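Working notes for the structure below.
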Amino acid sequence: MITPARHVRRLAAACALAAALAACGAPTASRPPQAQQAPSAPASSRPPTLAPGPAGLTPVFRNGVRTRDKTVALTFDADMTADQGPRAASGERFDNPRLIAALRELKVPATVFMTGRWAEEYPSQARAIGHSPQFEVANHSYSHYAFTGDCYGLPTMSPDGMRADVERAYTAFRKAGVPDAMPYFRFPGGCYDRRALRALAATGVTAVQWDVVGGDAFATDPDAVAGQVLDNVRPGSVVVLHCTRSAAPVTERAIRTIVPELRRQGFRFVKVSELIRTGTGRS
């Protein structure tokens, strides 16, 4: 016969066992390793990424699906090369606050691909962009050195340094106060090869290219930049522009033409993460 006291003791033991099992948790499916910045979050709230490519190489995203849902992602490269500190100290501006202000005014969501060196030079701007729900910060390397040879005259990085450079950028973002940089990476100059994709595979990033070149780098005519974008945008496009005042001085004025015209045509502006979430498309 089980006495009331023995029944209470058995019930307590069962409860303790259940609590221990719950604390251990059920096993979870393995997933690709994420870059150092990746936040601990439920799977449903993690930023969308592409599955690894053939042989486990870093996947590459160029544009979203070509559907009647006319979405377009404006992306801005905040470039600053690791050796440009003296130029910044002498007064050259690698930021573009008026462009960011215009995007805020026009209520355009956007993805800013930022170098770690840029975040170090302009930490308050990096922090403000990173904290705004209108924007998302993605990785454009720390140094803005090339990941291949012969890439627009950029200094070339060794294969051994590629992963470290990407991770160093995420460290710079955290130090600047950017809370949740995205697991997206854009190669400096857009230059990459199989060796570079292999070197970055362990970071878990999705490489993001584009299908529309804005042509704003070193441009002096905002109407020409606007025309270049408007003539080439298609549903699901990723547009590459720049957030660097000295190297792309007319981008803000071009945006003030591009945005209302694309909206008139029925386009909806989204961040890269939304395009990736809805799937990839073929040009």
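Which one is nearest to Met80 (Cα to Cα), of the residues in region 98-119 that are open to solvent by 10 Å² or more (accessible area, probe 1.4 Å) and more than 17 Å from the chain's Cα centre (by Cα)?
First, pick out the residues of region 98-119 that are open to solvent by 10 Å² or more (accessible area, probe 1.4 Å): 98, 100-101, 104-107, 109, 117.
Still in the running and more than 17 Å from the chain's Cα centre (by Cα): 98, 101, 104-107.
Numbers: Arg98: 18, Ala101: 20, Arg104: 23, Glu105: 25, Leu106: 26, Lys107: 26 Å.
Result: Arg98.
Suppose we filter region 120-161 for residues that are of a type in the set (A, V, I, L, M, F, W, C), outside any strand (DSSP E or B) and either surrounded by fewer than 19 Cβ atoms within 10 Å (Cβ to Cβ) or over 17 Å from the mean Cα position of the chain (by Cα) (or both); how many remain? Write out each step before concluding.
Filtering region 120-161 down to residues of a type in the set (A, V, I, L, M, F, W, C) leaves 126, 128-129, 135, 137-138, 146-147, 151, 154, 157.
Within this subset, residues satisfying the condition of being outside any strand (DSSP E or B) are 126, 128-129, 147, 151, 154, 157.
This time we only want the ones that are either surrounded by fewer than 19 Cβ atoms within 10 Å (Cβ to Cβ) or over 17 Å from the mean Cα position of the chain (by Cα) (or both), so: 128, 147, 151, 154, 157.
Within region 120-161, residues that are of a type in the set (A, V, I, L, M, F, W, C), outside any strand (DSSP E or B) and either surrounded by fewer than 19 Cβ atoms within 10 Å (Cβ to Cβ) or over 17 Å from the mean Cα position of the chain (by Cα) (or both) number 5.
I'd like to verify a number: residues in region 26-64 that are part of a loop (DSSP other than H, G, I, E, B), at pLDDT 95 or above and β-branched (Val, Ile, Thr), how many?
Summing the residues that are part of a loop (DSSP other than H, G, I, E, B), at pLDDT 95 or above and β-branched (Val, Ile, Thr) in region 26-64 gives 2.
Working only within region 87-138, note down all residues that are among the polar types (S, T, N, Q), in contact with a Lys or Arg (Cβ under 9 Å, 6 or more places away or on another chain) and under 17 Å from Ser246 (Cα atoms).
Applying the first criterion (among the polar types (S, T, N, Q)) to region 87-138 yields 90, 96, 111, 115, 124-125, 132, 134.
The next check asks that each one be in contact with a Lys or Arg (Cβ under 9 Å, 6 or more places away or on another chain); those that pass are 96, 111, 132, 134.
The answer is Asn96, and nothing else.
Looking only at residues that are under 16 Å from Lys271 (Cα atoms) and either in a loop (DSSP other than H, G, I, E, B) or charged (D, E, K, R) (or both) in region 67-81, which one is least open to solvent (accessible area, probe 1.4 Å)?
Asp77
Within region 88-97, track down each residue that is of a type in the set (A, V, I, L, M, F, W, C) and either open to solvent by less than 20 Å² (accessible area, probe 1.4 Å) or in contact with an Asp or Glu (Cβ under 8 Å, 6 or more places away or on another chain) (or both). Quick ask: steps written out before the conclusion?
Here is the first cut: in region 88-97, the residues of a type in the set (A, V, I, L, M, F, W, C) are 88-89, 94.
Residues satisfying the conditions are Ala88, Phe94.
Given the residues Gly177, Gly266, Gly189, Gly204, which is the only one that is modelled with pLDDT of 95 or more, surrounded by fewer than 16 Cβ atoms within 10 Å (Cβ to Cβ) and over 16 Å from Ala73 (Cα atoms)? Let's see the steps before the verdict.
Details: Gly266 fails: over 16 Å from Ala73 (Cα atoms); Gly189 fails: surrounded by fewer than 16 Cβ atoms within 10 Å (Cβ to Cβ); Gly204 fails: surrounded by fewer than 16 Cβ atoms within 10 Å (Cβ to Cβ).
Just one listed residue meets the conditions, Gly177.
The values are calculated or read from the model by the stated rules, or taken from the named source; none is laboratory data. All of these numbers come straight from a predicted model, not from anything done at the bench. Here the Cβ is made from the backbone with ideal geometry for all residues, glycine too, and neighbour counts use every protein chain on show. The protein model used for the area step is the full one, side chains on, heavy atoms only, and it has no ligands, DNA or RNA in it. Shrake-Rupley method; radii C 1.70, N 1.55, O 1.52, S 1.80 Å.
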